[in-house]
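Engineer: One structure, pasted below without further comment.
The values are calculated or read from the model by the stated rules, or taken from the named source; none is laboratory data. Here the structure is a predicted model, which means the values were calculated and not measured. Heads up, the Cβs are rebuilt from the backbone with ideal geometry, glycines too, and the neighbour counts pull from every protein chain shown. Side chains are part of the model used for accessible areas, which takes the heavy atoms of the whole protein and leaves out ligands, DNA and RNA. Shrake-Rupley method; radii C 1.70, N 1.55, O 1.52, S 1.80 Å.
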Amino acid sequence: MKTDRELLELAAKVAGIPYKALPHSGSCWEKWDPLNDDGDALRLAVKLTLEVDICLSGVAVRTPHGDKILADDRDEKCIYAATRRAITRAAAAIGESMP
């Protein structure tokens with residue numbers, strides 16, 4: 001299981017967003033954080049043409065390559081956070097496969 005920072009690094013890679021670590025901040029991102037920002041997550045999903053399927057118990061995100069990424073109430077306490085996490089995980093999966 002990847003850490004949030006690893007997920008964000010890989011998602012940023014595929015989104016073409018430069019990674020910037022902030023050493024004294026709780027977040028590694030100055031202005032971009034799809035794990036916590038609905039707008040950033042939605043823009044990431046649109047940019048990567050991710051298919052998002054939301055149901056009461058969780059979220060499934062399918063990448064353009066057909067990979068299916070899941071997040072549910074075991075991963076996050078609310079469906080909004082689970083959706084952001086699934087989108088970020090899907091982006092990270094794409095980023096991981098890049099050279």
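Engineer: Just order 56-62, 84-90 by mean Cβ neighbour count inside 10 Å, highest at the front, would you?
Structural biologist: 84-90, 56-62
Engineer: Gaussian network model of the chain, Cα springs within a sub-10 Å range: biggest mean-square fluctuation belongs to which of Thr49, Thr83, Thr63?
Structural biologist: In the Gaussian network model the winner is Thr49.
Engineer: Another one. Given axes a ≥ b ≥ c from the Cα gyration tensor, I'd like to know whether the chain is rounded (a/c under 1.5), prolate (a/b larger than b/c) or oblate.
Structural biologist: Oblate, because a/c is 1.5 or more while a/b does not exceed b/c.
Engineer: Determine the per residue accessible area of segment 38-99 with all protein chains present and a 1.4 angstrom probe, expressed in square angstrom.
Structural biologist: Result: 59 Å² per residue.
Engineer: Among Cys55, Thr3, His65, whose Cα sits farthest toward the positive end of the charge dipole of the chain (+1 at Cβ of Lys/Arg, -1 at Cβ of Asp/Glu, about the Cα centre)?
Structural biologist: Toward the positive end, the furthest listed residue is His65.
Engineer: So, one more: Counting only protein heavy atoms and using a 1.4 Å probe, what share of the accessible area of the chain belongs to carbon plus sulfur, as a whole percent?
Structural biologist: Accessible surface attributable to carbon and sulfur in the chain totals 54 percent.
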